[in-house]
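Inspection log for the structure reproduced underneath, given as structure tokens.
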Ligand SMILES: N[C@@H](CCC(=O)N[C@@H](CS)C(=O)NCC(=O)O)C(=O)O
């Protein structure tokens, strides 16, 4: 007699955790996880114990103490009586400034160089190759120090301008002085967050300018959509450029006149130039070095992105009668962006993290304030470094989030 | 039974760990070399000479300690540190002692957990400006750009000084003395400020020292001295009393030249105790009887070290001033060897 019986429901035995392939990988993962957590726990308890033995338990109290040191480049009002927290904040803004400036410049330079490297002009293509190889094969720290040394050694000191008529732009070895925007009928500032360490001012002039700008750009957009609609319906595109230009320029000019806009020129007074905006040599060296260095990488990414688009596309577009410029901007670049953006994100992250080399030229970024002077004067190494890591992590994740969102929006839409 | 074995093992491990933390002297002797933190290069205080041998006023303290503990003033590994790295280097055990123009302050002593073992130079913060600026007082520096070394007391004093005098300045933070010198000479800053001794030493290395002036204001107290970690008092004692031996030797007229003769002919009991022919001071320190003798012979007594490295006959040309013996109206005053 033969009959097929269901295999009896097997009793679960402990050994199955290892010998049964259904459970084995789970077991290994659980063990690895426990091991990892034990290691982490040991590291943490060891650190805490050693700090306690040193008599330095973890304590963030120093943050509210006066920092007692001055910072040259500050976007927030700050004096040496402000807290370490505020000093860190001033540093953070300095980090963001150089990171944003650097990313913008590096992208512009990188795209231009990447495209030119593909040029049919032999000389231009070769020059761009030299640029790329030169910048990406020398450590960025050396570029930073090198540019700083050039600024300091080749440009004149401010006192050399004594009795000399200076124009709107003054180049000295302490940095560049450019005109600043001033408003004689200013709307004033609003002070937020009272007297706390996080307090900040917002300029109402600035807000007014932004509001007007956004509104007029929107109006210009409406005009453009209307023109698109008419073109789609009738095949004739109405001329709108003067309308679009006017709608942006006229309100802005009116606003600026109303606010009493004028330029403040730098003038030599005493030891230094007063008035105007001072771009310190440390900012320029760091900004320039980071931009030039990262641009070399971005150029390669752009080149790779363009080469990834098959030549057939270009030829097809040409066959449709598009001119080379339009082929690039309408056919090749939009597709290339999909290839370009992911590595571009990591270059933005690199640039931001590389900005922590700022201290080499005395630029007071967050590594210079929180991770430098504050850490040094308070002796709270662990606390400062932990916070510093947290700050960079947050900045990096934010950049990633924004860029990923952008990537999502230019991705090939599959329907 | 098993439990007690385990406990025993823990106790031994604990003891061993405790001893490792405490026995800097034993570590140094086992290693045969003293790791001494110094500047990255400040002529007169600590800088390598043409042959790569470190020499200077702070270096001499390291050599004295090495001579006392190891019997060889050359058995020193000099570790260059910046204002920022020096304390981490000491706290982490990378160096056994620090002799780097370091100011004895409350928070460094108490909060950073260091033990200052005395003062080898009484100093104060000064300002140096190019003569052509025509500045004669620090109070005229409103709006000036000032080079400072970060991680120092200098940057804190500076902030206070300008604040209390209600004048503004632009700080340029810099890591090392060499960079500060370069920026100052290129005119990227109008003023260089640090310890007055450091300014004198820096100026002496300029091509034309006479083109620069030190302003009359001394805006702070900077007692500079060697330091060690908290928690190893035996080691702290050795460093402290080696420095005191150098100071006392000058006070008692013992020099590296006459030390052999004095040792045999003197009947001054303090000299005898110092040089180990009487009493057991060396033994109390855990060293041999002639520790201080070797320290003095390494580079001479305090006065000799001063004169050779930074004194009036050197390009740096510092007068003894506050650093004269108390018997000459100065502040140098070693506790007695008794
Ligand atoms: N005494 C101050 C300042 C010490 C300091 O940095 N001194 C400078 C000049 S006197 C120095 O030794 N620089 C040498 C170097 O850069 O390595 C402190 O302890 O914070």
I need the calculated FRET efficiency for the pair residue B:288 and residue B:92, taking r as the beta carbon distance and R₀ as 30 Å, to the nearest 0.05. 0.50
Evaluate the Debye formula for region B:86-144 with equal point scatterers sitting on the alpha carbons, no solvent, and hand back log10 of I(q)/I(0) at q = 0.14, 0.25 Å⁻¹, in q order, two decimals. -0.60, -1.04
Among A:110-121, B:39-50, A:325-336, how do they line up by average Cβ neighbours within 10 Å per residue, starting with the highest? B:39-50, A:110-121, A:325-336
Can you tell me the 0 to 90 degree angle between the C-alpha axis of helix B:233-251 and the longest principal axis of chain B, rounded to 10? 70
Cα radius of gyration and Dmax for region B:222-338 (Å): 14.6, 42
Exposure proxy ranking, count of Cβ atoms within 10 Å, fewest first, for A:205, A:77: A:77, A:205
With both bridge residues required to lie in the protein assembly as shown, what share of the DSSP beta bridges run antiparallel, to the nearest 5%? 70
Give me the Kirkwood hydrodynamic radius of region A:52-196, using the inverse of the mean 1/r over all pairs of distinct Cα atoms, in Å to one decimal. 20.6
Antiparallel DSSP bridges in chain B: what percent, to the nearest 5? 55
Given only helices, namely DSSP H runs of n ≥ 4 each adding -39500 (n - 2.57), what is the per-residue ellipticity at 222 nm of chain A, to the nearest 500 deg cm²/dmol? -20500 deg cm²/dmol
As a check on your grasp of the helix formula, calculate [θ] at 222 nm for chain B: sum -39500 (n - 2.57) over DSSP H runs of n ≥ 4, divide by the residue count, round to the nearest 500. -12000 deg cm²/dmol
Reference-scaled alpha-carbon Rg (2.2 N^0.38 Å with N residues) for chain A: 1.35
Arranged from highest to lowest average of other beta-carbon atoms within 10 Å per residue, in what order do the peptides B:96-103, A:84-91 appear? B:96-103, A:84-91
When averaged across all projection directions, what area in nm² does the alpha-carbon convex hull of region B:279-338 cover? 4.9
Going by how many other beta carbons lie within 10 Å of each one, how would you line up A:153, A:383, fewest first? A:153, A:383
For the residue A:233, residue A:199 Cβ pair and Förster radius 60 Å, calculated FRET efficiency rounded to 0.05 is 0.65
Per 0.36 nm of contour for each residue apart, how much would the distance between residue A:15 and residue A:104 grow if the chain were fully extended, relative to their Cα-Cα spacing? 26.1 nm
What residues from region B:204-237 fall in the zone where the backbone N is under 19 Å from a label point 7 Å along the Cα-to-C-beta line of residue B:178? B:204-207
Modelling each spin label as a point 7 Å along the Cα-to-Cβ direction, I'd like the residue A:187/residue A:313 distance in nm, to one decimal. 4.4
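Given C-alpha coordinates of region A:180-264, what is the ratio Rg to Rh with the Kirkwood estimate of Rh?
Over the Cα atoms of region A:180-264, Rg/Rh equals 1.21.
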Classified through the alpha carbon gyration tensor (a ≥ b ≥ c as square roots of its eigenvalues; rounded if a/c is under 1.5, else prolate when a/b is larger than b/c, else oblate), the protein assembly as shown comes out oblate
Per-residue Cβ neighbour rank within 10 angstrom, fewest leading, A:398, A:355, B:256: A:398, B:256, A:355
Report the FRET efficiency, 1/(1 + (r/R0)^6), for residue A:329 and residue A:136, where r is their Cβ-Cβ distance and R0 is 35 Å, rounded to 0.05. 0.85
Which length gain, in nm to one decimal place, applies between residue A:45 and residue A:25 when the Cα-Cα distance is subtracted from 0.36 nm times their residue separation? 4.2 nm
Normalised radius of gyration for chain B, please: alpha carbon Rg relative to 2.2 N^0.38 Å, two decimal places. 1.09
Arrange the peptides B:300-313, A:258-271, B:204-217 so that the one whose residues have, on average, the most other Cβ atoms within 10 Å appears first. B:300-313, A:258-271, B:204-217
With N residues in region A:72-111, Rg(alpha-carbon) / (2.2 N^0.38 Å) equals 1.51
With a point put 7 Å past each Cα toward its Cβ, work out how far residue B:312 is from residue A:217 in nm, to one decimal. 7.2
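How shielded is A:66-74 by partner chains, expressed as the average number of their Cβ atoms within 10 Å of its Cβ atoms?
5
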In the P(r) worked out for region B:125-220, what percent of Cα pairs fall beyond 22 Å? 16
Just grab the label-to-label distance for residue A:402 and residue B:139, each label 7 Å out from Cα along the Cβ direction, in nm (one decimal). 4.9
Hey, got the average number of other protein chain Cβ atoms within 10 angstrom for residues in A:149-161? 3
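Read the figures in this text as sums done on the coordinates, not as results from a lab. Please read these numbers as outputs of a predicted model, since none were measured by experiment. As a convention, Cβ positions derive from the backbone with ideal geometry for all residues, glycine included, and neighbour counts pool all protein chains shown.
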